[in-house]
Amino acid sequence: MTIVEQVKETLKQEIVAAVERAGLATREEMPAVLLETPKEKAHGDFATNMAMQLARVAKKNPRQIAEELTAELDTKKASVEHIEIAGPGFINFFLNNRYLLELIPAVLTEKQAYGRTNSGEGQRVQVEFVSANPTGDLHLGHARGAAVGDSLCNILDMAGYNVEREYYINDAGGQIHNLALSVEARYLQALGQEAALPEDGYQGEDVKVIGEELAAEHGERYAGVAEEERLAIFRELGLKHELDKLKEDLTQYRVEFDNWFSETSLYESGKIEETLLKLKEDGHVYEEDGAVWFRSTAFGDDKDRVLVKQDGAYTYLAPDIAYHLNKFERGFDKLVNIWGADHHGYIPRMQAAIQALGFEKSQLDVEIVQMVSLLRSGEKVKMSKRTGNAVTLRDLMEEVGLDATRYFFAMRSADTHMDFDMDLAVSESNENPVYYVQYAHARLCSIFRQAEEKGMAFKEEASIETLGSEKEIDVLKKVGQFPEIIDLAADQYAPHRLANYLHELAAVFHSFYNAERMVDPDAPELTQARLKLAKAVQITLQNGMNAIGVHAPERM
RNA sequence: GCCCUGAUAGCUCAGAGGAAGAGCAACAGCCUCCUAAGCUGUAGGUCGCAGGUUCGAAUCCUGCUCAGGGCGCCA
């Protein structure tokens, strides 16, 4: 527990004790104590709505309750300096904030571990994200999903969960057959032969490149092979190329997976049969019109779903159910799927499926990442994957750069439609929010360099007793919120909470920097103390930026 | 027709029962001094509309309007 949490906990306990002493409520009637950090400084360091919550129980008006409550409060124990009753009955606490100084040695000791909590209690969570079909380049939407998923995994990890990242490779369905046909056509074209792409083939540049590479590498070797065998070969080669490219792009994007899970492996291992049999034995499937159906309506879906088509082939759902059974069998306490908005209609049937398999609905969380449209020169750019003119992840990384791209996706709530403003993301000016946070870090690095040049290099053992100005306390308060923010972001699956926090942390630091001289040869003791404070800010910024995949530059 | 998101300052968006917020843009200031990609201040609001629940609603419920997405024996 951090010092901030300890202080809050003590204050909460004192509030409860005061309510009891004042006879306002019994222990049974006691509402949960909500202690929040007010947005307005004038509202104190902490505030509680306790008096309002007690209005019904105590049958008095909230301001009256607040008076009686605060009269009984042991202010010494809770290091409260003074109390104000405000508005409809808020109790605002103004504390002696010197306890915040204790944060500095704590942060300096914990270093990369500052911000880590134990909220997750080591629970095993598997997060499946991106999982784009290996049939083309990752586009804008995947880039968002990858950024959100990776940031979320980092945050869950910091919050004490045991996280595993997984990519589900859809390497079994019709789209892969289509890929094989498309590769074949491009290969033959590269050899100068007449060959047309299939009607719904992949027109992307990447498939064309694969065909050309194969032609260059193998010449006409595959041209004479029998159709079936040839397609099998192109299927494998095409898949390998696509997967290699996906992995390379994602790695460059700072997104690493622990596991790449092949859909085909579910066919080969007999897992799908096994799963269907289990569902059948438990009475969740039936046959009709020559197809096998899953009675998903029994678990809240709005219609039943086909598992085995009339032609005997599985639908996408059948292996996907087997996949989720497999996930649970690997011992995860919780599964998180991050899906694009175009898959949201799929949620009820998947939730139905895991319940049919005997699991709780709450063991699977599906997070939807909403659509992204691209804005260039203030206008929406029309994109189509089929015609291959979509903006790819690779384009973004090259044109915008990694830090700006990752930050832009991290700073927006994932469940809102997003316009990716290309001009803003590219601009190297104060209009671009990513630089605000990065600049704070670069500035910190610069301060340490300056101090060294002036013979006042940072000393870990320096005293911090001279600290205590208003700006310094503001900075420390913000630094102290970091673990709470990690917990909040983990709990809500909301990486943007962290991005927003980093912006706030940068803001209080910039303000402090402008108000007071950090490195002052005339005040060596204060300089040392401030360098220690600066170090705590630097560590917090680094840990936070690291979690959202943005680099912390030493100079700008 | 049904389902999912969204609608909050001029723009882009946070906030999800408790005291309307940030960035950008606008306006007025701050570099003989540690990086001005910074800081300080001013202005800017029927929280889409209408009801309801509550001591209290931007937040919860119902209906509606608008925008985007989804409703395959595709994946």
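The values are calculated or read from the model by the stated rules, or taken from the named source; none is laboratory data. Just so it is clear, the structure is predicted and the values come from calculations on it, not from any experiment. Here the Cβ is made from the backbone with ideal geometry for all residues, glycine too, and neighbour counts use every protein chain on show. Protein only, heavy atoms only, side chains kept; ligands, DNA and RNA dropped before computing areas. Shrake-Rupley method; radii C 1.70, N 1.55, O 1.52, S 1.80 Å.
Scanning the range A:505-530 for residues being near RNA strand B (Cβ under 8 Å from one of its atoms) and either in a loop (DSSP other than H, G, I, E, B) or acidic (Asp, Glu) (or both) gives a total of 5.
Each row is one residue, and each column tells you yes or no for (1) more than 6 Å from RNA strand B (Cβ to nearest atom); (2) over 21 Å from A:Glu398 (Cα atoms).
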site: A:Asp423; (1), (2): yes, no
site: A:Val426; (1), (2): yes, no
site: A:Gln438; (1), (2): yes, no
site: A:Arg443; (1), (2): no, yes
site: A:Ile447; (1), (2): no, yes
site: A:Glu453; (1), (2): yes, yes
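Among the residues of the range A:531-548, the ones that are open to solvent by less than 10 Å² (accessible area, probe 1.4 Å) and away from RNA strand B (no atom under 14 Å from the Cβ) come to 6 in all. If you filter the range A:196-222 down to residues that are of a type in the set (A, V, I, L, M) and surrounded by 15 or more Cβ atoms within 10 Å (Cβ to Cβ), you find that the one that is nearest to the chain's Cα centre (by Cα) is A:Val207.
Here A:Gly312 meets the list (1) more than 8 Å from RNA strand B (Cβ to nearest atom); (2) surrounded by fewer than 20 Cβ atoms within 10 Å (Cβ to Cβ); (3) under 22 Å from A:Val130 (Cα atoms) almost entirely, failing just condition (3). For the range A:411-431, the count of residues that are part of a strand (DSSP E or B), closer than 23 Å to A:His343 by Cβ and either free of Cβ contacts under 8 Å to residues at least 40 places away in the same chain or of a type in the set (A, V, I, L, M, F, W, C) (or both) is nonzero.
Residue-wise test of (1) in contact (Cβ under 8 Å) with a residue 60 or more places away in the chain; (2) more than 13 Å from A:Leu531 (Cα to Cα).
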{"position": "A:Pro433", "(1), (2)": "yes, yes"}
{"position": "A:Tyr436", "(1), (2)": "yes, yes"}
{"position": "A:Glu452", "(1), (2)": "no, no"}
{"position": "A:Lys459", "(1), (2)": "yes, no"}
{"position": "A:Ile464", "(1), (2)": "yes, no"}
{"position": "A:Ser469", "(1), (2)": "no, yes"}
{"position": "A:Lys478", "(1), (2)": "no, yes"}
{"position": "A:Pro483", "(1), (2)": "yes, yes"}
{"position": "A:Ala489", "(1), (2)": "yes, yes"}
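For A:Gly345, the criteria (1) of a type outside the set (Phe, Trp, Tyr); (2) in contact (Cβ under 8 Å) with a residue 24 or more places away in the chain; (3) within 25 Å of A:Ser413 (Cα to Cα); (4) near RNA strand B (Cβ under 8 Å from one of its atoms) hold in every case but one, which is (2). Among the residues of the range A:518-525, are any open to solvent by 60 Å² or more (accessible area, probe 1.4 Å) and hydrophobic (A, V, I, L, M, F, W, C)? Among the residues of the range A:518-525, not one is open to solvent by 60 Å² or more (accessible area, probe 1.4 Å) and hydrophobic (A, V, I, L, M, F, W, C), which makes the answer no. Only a single item in (1) in contact (Cβ under 8 Å) with a residue 24 or more places away in the chain; (2) in contact with a Lys or Arg (Cβ under 6 Å, 6 or more places away or on another chain); (3) within 12 Å of RNA strand B (Cβ to nearest atom) is not met by A:Asp304, and it is number (1). Scan the range A:374-387 and tell me whether some residue there is buried (at least 19 other Cβ atoms within 10 Å of the Cβ) and more than 8 Å from RNA strand B (Cβ to nearest atom). So far as the range A:374-387 goes, yes, one or more of its residues are buried (at least 19 other Cβ atoms within 10 Å of the Cβ) and more than 8 Å from RNA strand B (Cβ to nearest atom). Would a scan of the range A:479-496 turn up a residue that is within 8 Å of RNA strand B (Cβ to nearest atom), out of contact with any helix residue (DSSP H, G or I) (no Cβ under 8 Å at 6 or more places or on another chain), of a type outside the set (Val, Ile, Thr) and part of a loop (DSSP other than H, G, I, E, B)? Yes; the residues of the range A:479-496 include at least one that is within 8 Å of RNA strand B (Cβ to nearest atom), out of contact with any helix residue (DSSP H, G or I) (no Cβ under 8 Å at 6 or more places or on another chain), of a type outside the set (Val, Ile, Thr) and part of a loop (DSSP other than H, G, I, E, B). Against the numbered list (1) surrounded by fewer than 16 Cβ atoms within 10 Å (Cβ to Cβ); (2) more than 6 Å from RNA strand B (Cβ to nearest atom); (3) not in a helix (DSSP H, G or I), A:Glu398 comes up short only at (3).
The range A:73-149 holds strands (runs of 3 or more DSSP E) entirely within its bounds, and those carrying 2 or more residues that are surrounded by 21 or more Cβ atoms within 10 Å (Cβ to Cβ) map to A:90-95, A:124-128. Pairs are defined by a Cβ separation below 6 Å, a sequence spacing of at least 6 or placement on different chains, a first member in the range A:50-72 that is assigned by TED's automatic domain parsing to the domain that holds A:Ile83 and more than 22 Å from A:His82 (Cα to Cα), and a second member that is modelled with pLDDT of 85 or more and open to solvent by 60 Å² or more (accessible area, probe 1.4 Å); the pairs so defined are A:Val57/A:Glu29.
From the residues in the range A:1-47 that are among the polar types (S, T, N, Q) and under 30 Å from the mean Cα position of the chain (by Cα), which one is farthest from A:Glu84 (Cα to Cα)?
So the residue we want is A:Thr2.
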